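First comes the structure, then the notes that go with it.
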Ligand code: MRU
């Protein structure tokens, strides 16, 4: 398998952001061009681009799409407009910290430009966005190396949602150890939860793993307990949208259920994430804002209505796994074990 053949979610060229529209996968591979913050906001909101690191990168490039035409402004006006646009982009989705983290980096890069014209502030921001992308790719490769050794020949790995190449700059977080272990020549099984209601596991994870030649089996979310009870799963690896200071971790709805199951069956439960997903300013999982999405995502399937008119619906897009159910975090700084409140601090150190 060649890692260079994995799909690429986000690319920036000539002031435009190009994304692989993930709402169309797997039926259609469509690259769309986004030329303004409002187009990028819509793409993030509607999950055309999704996954915590990828929306951070898209947010950073989205800010550039808005600022490129404004380099004729005074430096003060340019920075004020950049702050307004960054706040707007940050409002697209609330749970993944990577979006605000990346936009914060962009604004600090702008603020560091003293006595410079707007065109030079733009150049500094453009460099920062490129750095965010390249650093994310380097983190993913390190996560792959850190986690690959956990995956032994013949084992079964269960994952949820999509934390693969489609969710990041390149390679993935939860799937980075999978791809790296494949590259290292090990043979093992991957089980992908379909991930209701938007089917990121079926549409995206099963798609990118199949294309990479992985031995992947798709299961409905409700089958995970049965599959674990049959001894088919040796470890769970999921991605993450925000890790609180105490190690509680928010990820796609359904993750908490898997963590409880893994605890019951004695299966190690790993969360893979880069430092950009660690949020020491959020003390615990209770403080993480959980995105609520439209009822229609639950009351229909593939555009066909599947629930009675007027039924009450809940649609939280994420849940929080308490740190006590997490075996370890797989990060660019290596595999981090408990106590997380102490040991995760390594992610705050510069590489
Ligand atoms: O709603 P989504 O598809 O953006 O949710 C994505 C996830 O929950 C991922 O597991 C998480 O962002 C990690 S991506 C490396």
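Residue by residue, here is whether (1) away from the ligand (no atom under 16 Å from the Cβ); (2) modelled with pLDDT of 95 or more; (3) over 24 Å from residue 172 (Cα atoms) holds:
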{"residue": "99", "(1), (2), (3)": "no, yes, no"}
{"residue": "107", "(1), (2), (3)": "yes, yes, yes"}
{"residue": "129", "(1), (2), (3)": "yes, yes, no"}
{"residue": "142", "(1), (2), (3)": "no, yes, no"}
Exactly one condition in (1) part of a strand (DSSP E or B); (2) out of contact with any strand residue (DSSP E or B) (no Cβ under 8 Å at 6 or more places or on another chain) is false for residue 312; which is it? (1)
Return the residues of the stretch 17-37 that are out of contact with any strand residue (DSSP E or B) (no Cβ under 9 Å at 6 or more places or on another chain) and touching a residue at least 40 places away in the same chain (Cβ under 8 Å); say none if nothing qualifies. 22, 25, 26, 37
Among the candidates 166, 158, single out the residue that is in the same structural domain as residue 256 (by TED's automatic domain parsing), within 16 Å of the ligand (Cβ to nearest atom), within 18 Å of the chain's Cα centre (by Cα) and not in a helix (DSSP H, G or I). 158
Restricting to the stretch 169-187, and then to whatever is part of a loop (DSSP other than H, G, I, E, B) and touching a residue at least 24 places away in the same chain (Cβ under 8 Å), can you tell me which residue is farthest from the ligand (Cβ to nearest atom)? 187
Restricting the stretch 142-168 to residues that are in contact (Cβ under 8 Å) with a residue 60 or more places away in the chain, surrounded by fewer than 24 Cβ atoms within 10 Å (Cβ to Cβ) and in contact with a helix residue (DSSP H, G or I) (Cβ under 9 Å, 6 or more places away or on another chain), the residue that is nearest to residue 266 (Cα to Cα): 156
Write out, first by first residue and then by second, each pair whose Cβ atoms fall under 8 Å of each other, whose residues are 6+ apart or on separate chains, and whose first residue, in the stretch 301-322, is not assigned by TED's automatic domain parsing to the domain that holds residue 287 while the second is at pLDDT 95 or above and surrounded by fewer than 10 Cβ atoms within 10 Å (Cβ to Cβ). none
Across (1) more than 15 Å from the ligand (Cβ to nearest atom); (2) closer than 17 Å to residue 222 by Cα, residue 198 clears everything bar (1)
Given the criteria outside the structural domain of residue 319 (by TED's automatic domain parsing) and surrounded by 24 or more Cβ atoms within 10 Å (Cβ to Cβ), does residue 136 qualify? yes
For residue 79, the lone unmet condition from (1) part of a helix (DSSP H, G or I); (2) touching a helix residue (DSSP H, G or I) at 6+ places or on another chain (Cβ under 8 Å); (3) within 27 Å of residue 198 (Cβ to Cβ) is (3)
State whether one or more residues within the stretch 85-97 are buried (at least 18 other Cβ atoms within 10 Å of the Cβ), more than 30 Å from residue 317 (Cα to Cα) and either touching a helix residue (DSSP H, G or I) at 6+ places or on another chain (Cβ under 7 Å) or not assigned by TED's automatic domain parsing to the domain that holds residue 10 (or both). no
Expected single match for within 13 Å of the ligand (Cβ to nearest atom) and assigned to a helix (DSSP H, G or I) among 53, 69 is 53
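The values are calculated or read from the model by the stated rules, or taken from the named source; none is laboratory data. The shown structure was predicted, so the numbers you read here are calculated from the model rather than taken from an experiment. So basically every Cβ, Gly included, is an ideal-geometry build from the backbone, and we count neighbours across all protein chains shown.
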